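S.K.: I have a structure I would like to understand better, so I am pasting it below and will then ask my questions one at a time.
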There are 2 protein chains.
Amino acid sequence: MVDAGPSSRERYRAQVRAEIKQHAWAQIAEAGVPALSLNAIAKKVGMSGPALYRYFANRDELITALIRDAYRSVADTVRAAHEGGADLAGLAHVIRDWAREDPQRYFLIYGTPVPGYHAPDDTTAISHEVMAVLIEACGVPATGGPVTPFDTHLDDHREWAGDHPAPAAVLHRALSFWTRLHGALSLELAGHFAGMRFDPGLLIDEEITGLAPGSDG
Amino acid sequence: MVDAGPSSRERYRAQVRAEIKQHAWAQIAEAGVPALSLNAIAKKVGMSGPALYRYFANRDELITALIRDAYRSVADTVRAAHEGGADLAGLAHVIRDWAREDPQRYFLIYGTPVPGYHAPDDTTAISHEVMAVLIEACGVPATGGPVTPFDTHLDDHREWAGDHPAPAAVLHRALSFWTRLHGALSLELAGHFAGMRFDPGLLIDEEITGLAPGSDG
DNA sequence: TTGCTGTAGTTAGAAGCTATAACGCACCAT
DNA sequence: ATGGTGCGTTATAGCTTCTAACTACAGCAA
């Protein structure tokens, strides 16, 4: 045996932490992050108030853990869809479905930022991971198309893409995919399309298919 | 004289309400909505705690007033720019500048929604007003272009545009303008472009110019 | 088996928040 | 002058996060 594995106390601890996060998600889903109460969670878990601080140092640390899990979840979802052969439109709808499954989880990542808060480094690493998948998915066709001013600008600012060899036009497409999807999706989730009765999914379809080079009739 | 105008008490009351909102904006700008404390505001205004409840029934009502003012502000800004002859790209940058002036004010309207909260009717009326201006700004060229599936779908769901006579392609363009701008802008304001050193303004430029019919070279 | 140590839980309490209640005072109109 | 209305106060309830002090138990080592 290479490793003794986690001790029984460690396993217990991990399980309680998971249970706490589960109740936290339930609270957030139904009333948003501001209404998340450590006290209420503790009682639901079956312990009394301050005991919860043995598992999360404070409220921010719990929320950070939730943010981390949300990032991990969306990254896994996107990666799985990509490896399953989904094209850009497919990816867009996979992400949309993931978001609609729990809108507050989406907004935990992409919603209103808290002025002081800085996401931990590992979450930004995960978002780079997502971005890498998007670039991969955007780089399919040989794009000899016109180079826009932004593309030349991007060629000078492509560190964020790691050392990915994709041409600037592909990076541009990945960025546009991200921003267009987020634009329509977040407005949909926030209820800004409430009165209008059109299908947001169709809007997203057109926004994304409009990205493919030469697809604009 | 047709009207006696507001009484002195009413003027005083309005002025105190304005002062309260001013401090509220300051708090929100620096720490976000969750950190907004009626107690702290009251002390800054010079009164003690519960006195503030004479001016706003509760926390939600104060926030609602702020939301209303934010809607009014963006609507006036957009309308002024449109009447000043701004084109779509101009409008986009006017809105972007307005948002960057106070990101939390932007997120108060377009950020994470609070599950229970429903915006009052007059704010949705204001957002319709903005939409009308956008449609107006999108309707310039005679677009005999191809009708997309979404356009035909939109023709069946165009009540939200009031009785505006614009063709579905124009409504589509207005929607895309809104969602694309919001997508790039909200990610920029939330700091999701932090590591990447490209200029978000250029990305927005291309997203918006890509909207003009036939502009895709 | 005995004994030590660290962890998980407890209650008490400080400091903050929203919000209500009860009261005093000043102004305005009748 | 006098009653009513509105603005401010303090006191208080009930909630929150979070710390401190303490107890009890689980697990490991001699």
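S.K.: Does B:ALA132 meet the test of being more than 8 Å from chain A (Cβ to nearest Cβ) and modelled with pLDDT under 95?
M.R.: No: the conditions fail for B:ALA132.
S.K.: On to the next question. So which residues in segment B:181-200 are at pLDDT 95 or above, more than 27 Å from B:MET131 (Cα to Cα) and more than 7 Å from chain A (Cβ to nearest Cβ)?
M.R.: If the condition is that a residue be at pLDDT 95 or above, more than 27 Å from B:MET131 (Cα to Cα) and more than 7 Å from chain A (Cβ to nearest Cβ), then B:PHE193 is the only one that fits.
S.K.: Could you figure out which of (1) surrounded by 20 or more Cβ atoms within 10 Å (Cβ to Cβ); (2) touching a Phe, Trp or Tyr at 6+ places or on another chain (Cβ under 7 Å); (3) not β-branched (Val, Ile, Thr) isn't true of B:GLY195?
M.R.: The single condition B:GLY195 does not satisfy is (1).
S.K.: Of all residues in segment A:74-115 being over 18 Å from A:TRP25 (Cβ atoms) and within 14 Å of chain B (Cβ to nearest Cβ), which is surrounded by the fewest Cβ atoms within 10 Å (Cβ to Cβ)?
M.R.: By that ranking, first place goes to A:PRO115.
S.K.: Continuing with the same structure: Would you check if B:TRP25 is outside the structural domain of B:LEU187 (by TED's automatic domain parsing), surrounded by 17 or more Cβ atoms within 10 Å (Cβ to Cβ) and away from DNA strand D (no atom under 16 Å from the Cβ)?
M.R.: It is true that B:TRP25 is outside the structural domain of B:LEU187 (by TED's automatic domain parsing), surrounded by 17 or more Cβ atoms within 10 Å (Cβ to Cβ) and away from DNA strand D (no atom under 16 Å from the Cβ).
S.K.: Which of the residues spanning segment B:61-73 are within 14 Å of chain A (Cβ to nearest Cβ) and either among the charged types (D, E, K, R) or more than 16 Å from DNA strand C (Cβ to nearest atom) (or both)?
M.R.: Those that are within 14 Å of chain A (Cβ to nearest Cβ) and either among the charged types (D, E, K, R) or more than 16 Å from DNA strand C (Cβ to nearest atom) (or both): B:ALA70, B:TYR71.
S.K.: Can you tell me how many residues within segment A:1-52 are within 14 Å of chain B (Cβ to nearest Cβ) and either part of a helix (DSSP H, G or I) or modelled with pLDDT under 95 (or both)?
M.R.: Matching residues across segment A:1-52 total 10.
S.K.: Still on this structure, please answer the following. Looking only at segment A:53-73, count every residue that is within 12 Å of DNA strand D (Cβ to nearest atom), crowded, with 19+ Cβ neighbours inside 10 Å and in a helix (DSSP H, G or I) and tell me the total.
M.R.: Count: 1.
S.K.: Could you list all residues from segment A:41-62 that are in contact with a helix residue (DSSP H, G or I) (Cβ under 7 Å, 6 or more places away or on another chain) and of a type outside the set (Ser, Thr, Tyr)?
M.R.: A:ILE41, A:ALA42, A:LYS44, A:VAL45, A:GLY49, A:ALA51, A:LEU52, A:PHE56, A:ARG59, A:LEU62 - these are the residues of segment A:41-62 that are in contact with a helix residue (DSSP H, G or I) (Cβ under 7 Å, 6 or more places away or on another chain) and of a type outside the set (Ser, Thr, Tyr).
S.K.: Go through (1) within 7 Å of chain B (Cβ to nearest Cβ); (2) surrounded by fewer than 17 Cβ atoms within 10 Å (Cβ to Cβ) for A:ASP121 and report which single condition fails.
M.R.: The number of the failed condition is (1).
The values are calculated or read from the model by the stated rules, or taken from the named source; none is laboratory data. Computed from a prediction, not measured in an experiment: that's the story for all the values here. All Cβ positions, glycine included, derive from the backbone under ideal geometry; neighbour counts span all protein chains shown.
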